[in-house]
Amino acid sequence: MPAASVETRTVASLVRQRLGYGNDDWNLVLVQRDRVWDQVRTRRLLDSLLAGYPIGSLLVCSVPQAAEAMEPSTRQVTAVEPGGDQLLDGQQRIAALTSLFGSTADTDRYFVDMTAIRRRGDIVMSRRERDAVTGYIKWRHDDQELQYRPITDRGKYLAIGGLAEWAGLGDFDDLKAAKALDELDAVLVDPSAEEPALLLATEFLLEIDQLYQLPIGVDDLRRTAERASRLLQAWLRPIAVQRYQFTDKLDILQAFERVNLEGVQVAGDDVFFAGVKTAWSGADRSLQGVVDLVPVMTRMSALRLLARLAAFSAGQGDLIPLRVERLNGSPGEELVARIAALSDLGGTVMGRMAVVAKSMTGPEGAGLALRLVPPPVWDDVLGWAAANPAIDGVARLGEGDIALLTTYLIGAATHDYWQ
């Protein structure tokens, strides 16, 4: 069994290490892919840090034999001594953190609006929407591009790439950053702090970026101090590092495969379900009741069908694919309320669906074999049932309806109509 341990490293130490300061140097395992994160993902990472969200752990491995690995910057193959560290998972995040806090004038640079109010509460998934939410963070490629694409109100934006140098590339204890954070928090804890105190606590930002200008007014200065505090907290954030000592390089390949290929990616439906449960705490229990009453569905297919019906009834159109941003704002609140109402086990809609499911899978119908029909095909049949008042008050469907629906279910499933 591989030897394993866990330690922590601060964001500051990871950036310094990538910039060549300190004794540790994690080369990349040979199977590592190229850097693939773009500026949108990097800005998203910074937004997570500033919001206090987790950004995951790192995975470092070693083998008892001499080995080969890649140097992080040049990706040249280099020799690794027996027991030498190799970074197995976390390359993209470390590279992004270095671009954020340790960039120079001729590399990617990131600028943070220190007075903007961060958007929160919206649930977004698309690239365009993620880009919009992180709009208070700007990106420019180099100085030449800055000449052609200047940032409006440049003085409001702090170029955070100078943070590593300001904090001290050799200050491994981060005394300067910790002191500045203490001074900021001491001012922020006082709601009556006046402009002179806020100016004094934030003036270190002028050392990080000489083109930055501190705002005028207590409100903007307080927002600046709050964002500066979060920036320093991000710099000092501890990140978990998992260490494994494997038997040989084939174990490294096996581990890489399992970390990167065997995880189950969170699908859009899953995120949508999570959003519904956030707004409606009883969703899990209610949907299980729906499944018990209409056993041709799963909880997820029940949620999908009820969400589609709710969207149509609210005049919002179809909800396929399930996108979590459809739950934003008052339209999202109305949608969740309608889903909850439709899931009432004693309600008309659920009664109609139960009659159809019982008729189709009972002895008069095609039996339990219909449970093999893909759930999206059942959406059509159960959606028809939900909108059909002729089903009210009957114990089961007539033979003609059963035959017609059975033909549809089997034919649609056989010919992949649902895809």
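The values are calculated or read from the model by the stated rules, or taken from the named source; none is laboratory data. The shown structure was predicted, so the numbers you read here are calculated from the model rather than taken from an experiment. Counting neighbours? That spans all protein chains shown, and the Cβs are built from the backbone with ideal geometry, glycine included. Ligands, DNA and RNA are excluded from the accessible area calculation, which covers all protein heavy atoms including side chains. Shrake-Rupley method; radii C 1.70, N 1.55, O 1.52, S 1.80 Å.
In table form, for the structure just shown:
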item: Carbon/sulfur fraction of accessible area - the chain, other protein chains in place, 1.4 Å, %; result: 53 percent
item: Virtual paramagnetic centre 7 Å along Cα→Cβ of residue 154, amide N under 15 Å, in segment 198-234; result: 209-214
item: Highest-MSF residue in the chain out of 408, 21, 244 [GNM, Cα springs under 10 Å]; result: 408
item: Accessible area per residue, Å², the chain with all protein chains present, probe 1.4 Å; result: 51 Å²
item: Mean separation of Cα contacts under 8 Å, 6 or more apart, over the residue count of the chain: relative contact order %; result: 17 percent
item: Relative contact order (percent, whole number), segment 146-266, Cα cutoff 8 Å, 6+ residue spacing; result: 28 percent
item: For the chain: lysine pairs under 28 Å (alpha-carbon distance), excluding those fewer than 8 apart on one chain; result: 5
item: Length released on extending from residue 345 to residue 35, taking residue separation times 0.36 nm less the Cα-Cα span; result: 106.5 nm
item: Rule-of-thumb Rg ratio for segment 14-91 [Cα; 2.2 N^0.38 Å; N residues]; result: 1.22
item: Largest-first principal axis extents of the Cα set of the chain (Å); result: 82, 61, 41
item: Gain upon complete extension [residue 291, residue 330; 0.36 nm per residue less C-alpha separation]; result: 11.2 nm
item: Formal net charge of residues neighbouring residue 387 (Cβ-Cβ distance under 15 Å; K, R +1; D, E -1); result: -2
item: Linear extension gain, residue 130 paired with residue 19, 0.36 nm per residue minus alpha-carbon span; result: 37.1 nm
item: Qualifying GluC sites (Glu not before Pro) for segment 213-291 [loop in DSSP, other Cβ within 10 Å: at most 14]; result: 262
